[in-house]
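Below: one structure, written as structure tokens.
Laboratory data are not the source of any read-out in this text; all were calculated from the coordinates shown. Quick caveat, the model's predicted, so the values are computed rather than measured. When we count neighbours, we look across all protein chains shown, and the Cβ atoms used for this are built from the backbone with ideal geometry, even at glycine.
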Amino acid sequence: MRMFFVFCLATLGMAQDLPQNLLGRYRTTAANAKGVGAMYEFKTGGVLLIRPGAVAPGVYEIDGNYMVLPALKAGGPVNKQLIDLSQPGRLRLLQGNDVSMDLSRVGKPPAGKPTVLGEWVGMKVMEGQNLEMRIFFYPGGKSLFLLPFQTQQGKYSVEKNTMRITLPDGKISEGPYKATGNLLTVPSVRAGASTRLAKY
């Protein structure tokens, strides 16, 4: 009984060592030249999910019933797509008669008439694989496109201002971490000393 009590105290101590403001979903603030970055999800119990993939902040504009996106290639025409919000919790974007995106809303919709604002999820086929894409449309014409290629489950622990990340292959990254508002700096699991993340 005494050993069980000591074990419970130790478990509670470990849980208290994990700052609550650290929990949540983050993405790298800088992708490489190919637009590849990573998504991090810090969960309770020291579980860390790392998802390498496409991380692409962008812009959009609403013109009547159309969404205007940047040109698909440099010097090309604007990418103008018809917005279909006729079904609750669903957003379809159409180029002519073709559906370019078929998305489902995540969470509750904003109050008022149907809007593209919020978080959406859908499927995208890449190299024969069905991958889950996530798109955020923010007020003011900002957007964020996330497409994880895979998910790796690792572990993390925090002691004072130091974070230790252990990857599935046993690789360990350890160094200072800093949380400021929605920004988080953690020890890098790839190259460099640290990785800068932003909450989404």
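For region 73-97, what are the residues that are of a type in the set (D, E, K, R) and either in contact with a Gly (Cβ under 7 Å, 6 or more places away or on another chain) or loosely packed, with under 12 Cβ neighbours inside 10 Å (or both)?
Of everything in region 73-97, just one residue is of a type in the set (D, E, K, R) and either in contact with a Gly (Cβ under 7 Å, 6 or more places away or on another chain) or loosely packed, with under 12 Cβ neighbours inside 10 Å (or both), namely Lys73.
Condition (residue is under 17 Å from Gly118 (Cα atoms) and assigned to a loop (DSSP other than H, G, I, E, B)) applied to region 52-63: is it met by at least one residue?
Taking every residue of region 52-63 in turn, at least one turns out to be under 17 Å from Gly118 (Cα atoms) and assigned to a loop (DSSP other than H, G, I, E, B).
Keeping to region 103-160, report how many residues are outside any strand (DSSP E or B), among the aromatic types (Phe, Trp, Tyr) and in contact (Cβ under 8 Å) with a residue 40 or more places away in the chain.
Number of matching residues: 1.
Please state which one of Thr195, Thr115, Thr180 is under 25 Å from Pro19 (Cβ atoms) and either surrounded by 13 or more Cβ atoms within 10 Å (Cβ to Cβ) or in contact with a strand residue (DSSP E or B) (Cβ under 7 Å, 6 or more places away or on another chain) (or both).
That would be Thr195, the only listed residue that is under 25 Å from Pro19 (Cβ atoms) and either surrounded by 13 or more Cβ atoms within 10 Å (Cβ to Cβ) or in contact with a strand residue (DSSP E or B) (Cβ under 7 Å, 6 or more places away or on another chain) (or both).
Can you spot a residue in region 173-194 that is without any contact (Cβ under 8 Å) to a residue 24 or more places away in the chain, under 15 Å from the mean Cα position of the chain (by Cα) and within 19 Å of Thr44 (Cα to Cα)?
yes
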